[in-house]
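Everything on this sheet refers to the single structure shown next.
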Amino acid sequence: MPDGWEVAFSLDLFWPGDAGDDSDGDSLTNLQEYLNGTNPRTDDTDDDGLTDPGELNLGTDPSSNDTDGDGYIDGWEVAHGCDPLVIDQFCPAKPFLYLVIAASVIGALVLLLIGAEYICDGSFFS
């Protein structure tokens, strides 16, 4: 592990054995934390509610709290049965944002779900 990284996380520059230590008790050694770009002093580097080893097992990015960039934190998606790796997956737990774009006898409404559009013409969604 580079000296600068050890200094940044208050590890011992002069003791090579700290590479095998697990400073935050998350089951990843300090060397594994370095190789994965995670913080050896906390078990949840990105503070998304999923532990670093849990994210590595899921395939999410332990240094980004929203791996797929859909605006929902990875831990929230997992807790609600959504896939944190799929940006435009329909997930019933994700809230809809309603926005009226036109008014007429029938009316028009666009329902915006992160990454997807749905148009309601009064009879069905398309």
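Read the figures in this text as sums done on the coordinates, not as results from a lab. Here the structure is a predicted model, which means the values were calculated and not measured. No Cβ is skipped: glycine too gets one built from the backbone with ideal geometry, and neighbour counts run over all protein chains shown.
Couple of notes before you dig in:
- Our coupling estimate for segment 72-87, obtained by passing each phi through the Karplus curve with A = 6.51, B = -1.76, C = 1.60 and θ = phi - 60°, is 10, 5, 3, x, 5, 4, 5, 5, 9, x, 9, 9, x, 9, 10, 6 Hz, Gly and Pro reported as x.
- Label-point separation, Ile87 to Arg41 (7 Å along Cα→Cβ), nm: 3.4
- Counting neighbouring Cβ atoms within 10 Å and putting the fewest first, the residues Cys82, Cys91 line up as Cys91, Cys82.
- Counting beta carbons within 10 Å around each of Val86, Val7, Val78 and listing the fewest first gives the order Val7, Val86, Val78.
- Most tightly packed first, judged by the mean number of other beta-carbon atoms within 10 Å of their residues, the peptides 43-53, 9-19 read 43-53, 9-19.
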